[in-house]
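Trainee: Right, I'll just put the structure down here and ask away after.
The values are calculated or read from the model by the stated rules, or taken from the named source; none is laboratory data. Note that this is a predicted model, so its numbers are computed, not measured. Here Cβ is always computed from backbone atoms with ideal geometry, including for glycine, and neighbour counts include all displayed protein chains.
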């Protein structure tokens with residue numbers, strides 16, 4: 001398999017991306033890693049299964065995606081174009097999600113029946129890994145889009161997370177059927193008729209508890225939910241650190257409970273689930289968290305390999 | 001001042017509501033407390049400044065609000081009607097928020113310039129108490145509504161939280177001006193021109209950090225953000241409890257750090273900020289958290305007294 005890496009994208013780019021991709025190159029000598037980056041990032045000492053494609057520019061993390069059309073020499077455009085031209089089987093980026101989605105939509109084009117591509121995020125819950133989508137790709141959604149997210153999410157859960165008959169839930173402001181905004185009410189009706197294993201509405205406070213397999217929402221709600229939970233956990237961890245170092249007594253206690261705290265931190269660590277395939281485009285485009293480190297890139301590479309081996313894109317196309 | 005209590009509304013009703021309201025009656029003998037409840041809840045031993053008004057039915061916590069129109073003998077309807085008839089100066093309920101808002105809108109009517117009433121929630125952040133609205137009253141909003149929420153929130157922050165020139169932020173999926181769904185983009189433009197101290201977009205992860213005074217959002221996003229944070233904190237606290245009781249060593253450490261953990265728990269406790277006035281109606285209607293205990297009802301009563309003393313409703317009307 002041949003994987004194209006946008007080595008310029010991400011908070012820790014290019015170092016972390018290169019480190020992760022080189023590790024993948026070492027683990028899978030039969031695979032080819034294609035690094036797309038600014039000329040000065042090239043290193044002639046890279047192993048034989050790593051090749052380099054220079055780019056002329058980089059889409060900044062929060063750059064307006066409309067700029068992409070005038071930056072067709074950018075790393076994300078060129079890397080995605082390699083997939084389009086059949087020179088790579090997947091593209092991986094930790095850069096601007098909007099730019100990656102736009103490049104994928106324009107170059108790879110959408111699967112028939114998919115109005116807009118979506119991003120699914122694997123969330124660590126008390127019941128294990130669960131899927132949430134759209135996690136931020138589409139700020140404005142129609143009910144029809146939410147239905148297609150549900151279908152794609154179910155395929156994802158079956159194919160990549162090994163779940164059977166995944167339970168699909170709809171994020172709302174209450175669990176009752178009559179709760180929700182217009183979008184949620186309409187999507188609820190569509191999901192009930194969809195043939196999916198739809199279990200109804202769930203609230204924000206249910207997300208980390210589990211009790212579902214695929215949580216469907218518009219990208220704005222998904223972004224707000226995920227970032228609100230991240231923020232709450234960050235603040236709580238920060239307060240915890242303050243309290244545990246506030247006195248000698250607390251420090252002594254902290255030393256005794258540290259193992260448990262590390263396990264909790266590990267549970268919520270981003271590294272566990274860095275990448276997610278962009279759902280609904282005709283090709284494998286793995287979206288990584290902006291702050292991905294080498295470990296995140298490695299797990300994203302393994303995910304790309306799994307998508308490729310399972311013909312994930314073909315399976316998505318068959319349900320849409 | 002005369003306060004009407006819907007003693008039937010809430011997870012711990014009527015006991016917790018009565019307990020809190022009786023405490024208020026004791027603290028403020030010059031005030032009159034009017035209890036609205038089913039006949040069997042009346043107690044002849046209540047003090048002289050407590051009176052009782054019987055109701056014939058109760059709106060259940062998650063009952064479809066449309067039922068309210070055929071339940072004009074319900075506790076929430078009768079209690080709100082006392083304010084309308086000038087027999088009470090405020091109404092307090094921990095029951096169905098939808099029913100309370102509908103009763104207030106129909107009976108007290110809206111302040112001119114307010115399209116729909118909103119609920120503001122006081123959030124505990126690392127920078128102290130901050131305001132978020134709409135916290136769930138309006139699942140579907142227009143940009144004009146978000147503008148009126150911002151104006152009402154600013155008055156709330158000034159009058160009830162003692163802030164001057166409150167910093168107004170807009171909840172979005174990114175801090176940049178070009179981020180957001182259609183609603184947020186449009187509201188952003190209106191807020192920039194509003195004359196308010198508008199500081200731009202903020203993300204879900206900023207909510208508990210502070211750096212703003214009033215966070216504006218539609219009721220669906222507000223509900224999702226708040227419940228997602230609540231859920232994350234609940235799950236983290238649960239994991240913490242598990243880890244701290246997992247072994248003798250952990251238990252010993254837990255005993256040493258318990259003081260700090262209690263302080264953190266206290267920070268996020270609902271009791272601190274149980275009630276919030278419904279913003280935009282011609283009267284004081286304090287919405288309490290469904291799980292309010294007596295302490296929550298007492299603080300809501302004090303809030304009602306502050307709203308009354310400050311002519312809060314009059315000040316809202318003057319900015320809209």
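Trainee: Is there a residue being within 28 Å of residue A:26 (Cα to Cα), modelled with pLDDT under 90, more than 12 Å from chain B (Cβ to nearest Cβ) and over 12 Å from the mean Cα position of the chain (by Cα) anywhere in segment A:264-275?
Mentor: Yes: one or more hits.
Trainee: Out of all the residues in segment A:297-311, is one or more surrounded by fewer than 21 Cβ atoms within 10 Å (Cβ to Cβ), in contact with a helix residue (DSSP H, G or I) (Cβ under 7 Å, 6 or more places away or on another chain) and in a helix (DSSP H, G or I)?
Mentor: Checking segment A:297-311: not a single residue is surrounded by fewer than 21 Cβ atoms within 10 Å (Cβ to Cβ), in contact with a helix residue (DSSP H, G or I) (Cβ under 7 Å, 6 or more places away or on another chain) and in a helix (DSSP H, G or I).
Trainee: Does residue A:76 qualify as being under 18 Å from residue A:278 (Cα atoms) and surrounded by 24 or more Cβ atoms within 10 Å (Cβ to Cβ)?
Mentor: Yes.
Trainee: For residue A:187, work out the one condition from (1) crowded, with 22+ Cβ neighbours inside 10 Å; (2) within 21 Å of the chain's Cα centre (by Cα); (3) at pLDDT 95 or above it doesn't fulfil.
Mentor: Going through (1) crowded, with 22+ Cβ neighbours inside 10 Å; (2) within 21 Å of the chain's Cα centre (by Cα); (3) at pLDDT 95 or above one by one, residue A:187 breaks only (2).
Trainee: Shifting gears a bit: When you go through B:192, B:179 one by one, which is the residue that is more than 7 Å from chain A (Cβ to nearest Cβ) and at pLDDT below 95?
Mentor: Result of the check over B:192, B:179: B:179.
Trainee: Here's another thing I want to ask about it. Report every pair of residues separated by at least 6 positions or lying on different chains whose Cβ atoms are under 9 Å apart, first residue within segment A:236-251 and at the interface with chain B (Cβ under 8 Å from one of its Cβ atoms), second at pLDDT 85 or above and not in a helix (DSSP H, G or I).
Mentor: The qualifying pairs are A:236/B:208; A:238/B:126; A:239/B:126.
Trainee: Further question on the same structure: Scanning for something surrounded by fewer than 21 Cβ atoms within 10 Å (Cβ to Cβ), within 28 Å of residue B:173 (Cα to Cα) and free of Cβ contacts under 8 Å to residues at least 60 places away in the same chain, does segment A:33-43 turn up at least one residue?
Mentor: No, the conditions are met nowhere in segment A:33-43.
Trainee: On to the next question. For segment A:116-162, what are the residues that are within 14 Å of chain B (Cβ to nearest Cβ), closer than 18 Å to residue A:211 by Cα and out of contact with any helix residue (DSSP H, G or I) (no Cβ under 7 Å at 6 or more places or on another chain)?
Mentor: Once the filter is applied, which keeps residues that are within 14 Å of chain B (Cβ to nearest Cβ), closer than 18 Å to residue A:211 by Cα and out of contact with any helix residue (DSSP H, G or I) (no Cβ under 7 Å at 6 or more places or on another chain), segment A:116-162 yields A:123, A:125, A:127, A:128, A:130.
Trainee: Being surrounded by fewer than 20 Cβ atoms within 10 Å (Cβ to Cβ), more than 7 Å from every other protein chain (Cβ to nearest Cβ) and either out of contact with any strand residue (DSSP E or B) (no Cβ under 7 Å at 6 or more places or on another chain) or under 28 Å from residue A:178 (Cβ atoms) (or both) is the filter here; which residues of segment B:205-233 pass it?
Mentor: Scanning segment B:205-233 gives a single hit, B:211.
Trainee: Return the total of residues in segment B:90-115 being touching a helix residue (DSSP H, G or I) at 6+ places or on another chain (Cβ under 6 Å) and either surrounded by fewer than 20 Cβ atoms within 10 Å (Cβ to Cβ) or within 14 Å of another protein chain (Cβ to nearest Cβ) (or both).
Mentor: Residues in segment B:90-115 being touching a helix residue (DSSP H, G or I) at 6+ places or on another chain (Cβ under 6 Å) and either surrounded by fewer than 20 Cβ atoms within 10 Å (Cβ to Cβ) or within 14 Å of another protein chain (Cβ to nearest Cβ) (or both): 4 in total.
Trainee: Something else about it: Just checking, does segment B:265-284 include any residue being farther than 30 Å from residue B:175 by Cα, part of a strand (DSSP E or B) and touching a residue at least 40 places away in the same chain (Cβ under 8 Å)?
Mentor: yes
Trainee: Still on this model: Please find, among A:163, A:132, the residue that is farther than 29 Å from residue A:9 by Cβ and either touching a residue at least 60 places away in the same chain (Cβ under 8 Å) or surrounded by fewer than 21 Cβ atoms within 10 Å (Cβ to Cβ) (or both).
Mentor: A:163
Trainee: Continuing with the same structure: Going through segment A:54-72 one residue at a time, which ones are in a loop (DSSP other than H, G, I, E, B) and under 22 Å from residue A:44 (Cα atoms)?
Mentor: Within segment A:54-72, A:55, A:56, A:58 meet the criteria.
Trainee: Follow-up. From (1) without any contact (Cβ under 8 Å) to a residue 24 or more places away in the chain; (2) under 30 Å from residue A:249 (Cα atoms); (3) part of a helix (DSSP H, G or I), pick out the condition that doesn't hold for residue B:318.
Mentor: (2)
Trainee: Now for a different question. Please go through segment A:112-140 and give me each residue that is touching a strand residue (DSSP E or B) at 6+ places or on another chain (Cβ under 7 Å) and part of a loop (DSSP other than H, G, I, E, B), ordered by number.
Mentor: Within segment A:112-140, A:117, A:134, A:135, A:136, A:137, A:138 meet the criteria.
Trainee: Among the residues of segment B:295-316, is any within 20 Å of residue B:137 (Cα to Cα) and within 14 Å of chain A (Cβ to nearest Cβ)?
Mentor: Scanning segment B:295-316, I find no residue that is within 20 Å of residue B:137 (Cα to Cα) and within 14 Å of chain A (Cβ to nearest Cβ), so the answer is no.
Trainee: On the given criteria, is residue A:129 within 23 Å of residue A:181 (Cβ to Cβ) and not assigned by TED's automatic domain parsing to the domain that holds residue A:16?
Mentor: Answer is no for this residue.
Trainee: Here is a list: B:232, B:246. Which entry is closer than 21 Å to residue B:121 by Cβ and either at pLDDT below 95 or outside any loop (DSSP other than H, G, I, E, B) (or both)?
Mentor: Criteria check complete, one pass: B:232.
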